[in-house]
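I have placed the structure first, in the form of structure tokens, so that the comments after it can refer back to it.
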Amino acid sequence: MNKLLKTQSAPRIIAGGFALVIFIGSLLLMLPCSIQPGTHLDYIDALYTSASAVCVTGLTVVDAGDTFTALGQFFLAALIQIGGLGVTSISAGVILAMGRRVNLKGRMLIRESMNLDADRGLIGFVYTVFKATLLIELIGAALSFIVFIQDYSLFRAIGVSLFHSVASFNNAGFDILGTGAHTYPSLTEYMGNPSVNIAIMLLIIVGGIGFLTWDDICLHKHHFRRYCMQSKIVLFTSALLIAIPAAFFFFCDFGGLPVGKRIFASLFQSVTTRTAGFNTADLNAMTGASKAIMTLLMLIGGSPGSTAGGMKTTTFAVIILSAVSVIKRKEEICVCGRRIDNTIVKNALAIATIYFSLFFVGGVAISVLENLPLSDCLYETASAIGTVGLTLGITPKLGIASQIILILLMYLGRVGGLTLVYAAIASKNQGGAKLPLEKIMIG
């Protein structure tokens, strides 16, 4: 096994690691002790649920609260945690906990899985991420426990609080609040509750801005000018992608709600849409324009090196900045007093092309297979490839072929488009020779 791993590239190991955990997770969820008595679970449903958990999505064909026992829900939370922090990062944490050293190959894998530029202080960084994750999830669980203890018994409230804190921080839209009489409720019963809304939104935001941005904030605190360019872009773009959609939702949706509930509903849907997958409002009741905006937000997703999926905020920002530079007739992209390398621009365009292509092709395929409206199918595929978890209610009704399409989209969305491309295609050095240059007309 060690010899095999040494001969494989980092992208292949990462992609294979996620696939292996998904398979193991599906077997754990199929155990009799994981399933509620009297409940039947097909393997394809267990595989789908495991893929959704490891890919921190939240799309599911069975209600987690009504289908799984406490042990099954624990397995589900563990899969979410592994998927959020990354398979290789979790493996490194286990090795370190055993008192062993991480070799050079392991360091390279951690760097690839967490989107880090250098391995200086890498092990210390992993320790910090694990400690911060544990602390933040416990704080989030404590805040929501104040509310859940009013509706559930002590042990049930603790379990619900911990599960939703883990799911929120890792940007996975799973809930375990469903019952036989009321399935797939998400957080609709807590739309106007300040504690639940604020706790969940903060967990989603902290988990979605990226580990390197954490590091910058902790190091430089309120001195924003000292932040690296990536952190500035992440924070500025994230703020805009929260504020603008929230304002749109406030004026176009939820008009019948009191002002307080309306503000919380608008903010919550703006925050959760980009990658978390919880909802406090009836998504089907929202306007078509709002659903279109949510589809775009799901495709953008969170930030690099975070627990979130999607094509990432930095990818979106680089594409916008590239368009602005072309309009201004500038040869290079300059922002925050720095210049962005053209290779980054090419990668951003490649990632966006991969995500948009698979999102559209997947939506069309499901629409044809299931004879459903294309707009609803595109919403589901955007949710899958963006690893979000929001649904208009069609996912539990899909056939096996459509479920497999969504599983593949979730897997690709979590592992990353370029990672899979690099894993499948070995790079070849073409040498110093260049082909003749010829121009084509654009626009």
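The values are calculated or read from the model by the stated rules, or taken from the named source; none is laboratory data. What you are looking at is a predicted structure, and each value in this text was computed from that prediction instead of being measured. Note: ideal-geometry Cβ built from the backbone for every residue, glycine included; neighbour counts use all protein chains shown. Quick note on the areas: whole protein, heavy atoms, side chains included, nothing else; ligands and nucleic acids left out. Shrake-Rupley method; radii C 1.70, N 1.55, O 1.52, S 1.80 Å.
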### Query
Exactly one of (1) outside any helix (DSSP H, G or I); (2) surrounded by 16 or more Cβ atoms within 10 Å (Cβ to Cβ) is unmet by His222. Its number?
(2)
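Residue-wise test of (1) outside any loop (DSSP other than H, G, I, E, B); (2) surrounded by fewer than 17 Cβ atoms within 10 Å (Cβ to Cβ); (3) under 17 Å from the mean Cα position of the chain (by Cα).
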position	(1), (2), (3)
Ile344	yes, yes, no
Asn347	yes, yes, no
Gly362	yes, no, no
Asp376	yes, no, no
Thr381	yes, no, yes
Gly389	no, no, yes
Leu392	no, no, no
### Query
For Ser322, which of the numbered conditions (1) open to solvent by less than 30 Å² (accessible area, probe 1.4 Å); (2) within 19 Å of the chain's Cα centre (by Cα) fails to hold?
(2)
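Starting from residues that are in contact with a helix residue (DSSP H, G or I) (Cβ under 9 Å, 6 or more places away or on another chain) and open to solvent by 40 Å² or more (accessible area, probe 1.4 Å), keep the ones in the stretch 332-342 and report whichever is farthest from Leu408 (Cα to Cα). Please lay out each step first, then the result.
Looking only at the stretch 332-342, we keep the residues that are in contact with a helix residue (DSSP H, G or I) (Cβ under 9 Å, 6 or more places away or on another chain), and these are 332-338, 340.
Subsequent filtering for residues that are open to solvent by 40 Å² or more (accessible area, probe 1.4 Å) retains 332, 334, 336-338.
Values: Glu332: 36, Cys334: 36, Cys336: 37, Gly337: 40, Arg338: 37 Å.
The selected residue is Gly337.
Tell me which residues, restricted to the stretch 123-171, are among the polar types (S, T, N, Q), without any contact (Cβ under 8 Å) to a residue 60 or more places away in the chain and more than 15 Å from Ser195 (Cα to Cα).
Thr133, Ser153, listed by residue number.
So which of Ile233, Ile263, Ile242 is under 19 Å from the mean Cα position of the chain (by Cα), free of Cβ contacts under 8 Å to residues at least 60 places away in the same chain and open to solvent by 10 Å² or more (accessible area, probe 1.4 Å)? Step through it out loud before you land on a result.
Working: Ile233 fails: free of Cβ contacts under 8 Å to residues at least 60 places away in the same chain; Ile263 fails: under 19 Å from the mean Cα position of the chain (by Cα).
One residue alone meets the criteria, Ile242.
Could you tell me whether the stretch 171-181 includes any residue that is hydrophobic (A, V, I, L, M, F, W, C), assigned to a helix (DSSP H, G or I) and under 24 Å from the mean Cα position of the chain (by Cα)? Quick ask: steps written out before the conclusion?
Within the stretch 171-181, the first condition is being hydrophobic (A, V, I, L, M, F, W, C), and the residues that meet it are 172, 174, 176-177, 181.
Subset that is assigned to a helix (DSSP H, G or I): none.
So far as the stretch 171-181 goes, no, none of its residues is hydrophobic (A, V, I, L, M, F, W, C), assigned to a helix (DSSP H, G or I) and under 24 Å from the mean Cα position of the chain (by Cα).
Of all residues in the stretch 95-129 being within 23 Å of Leu202 (Cα to Cα) and open to solvent by less than 60 Å² (accessible area, probe 1.4 Å), which is modelled with the lowest pLDDT?
For the stretch 95-129, the residue satisfying everything is Met114.
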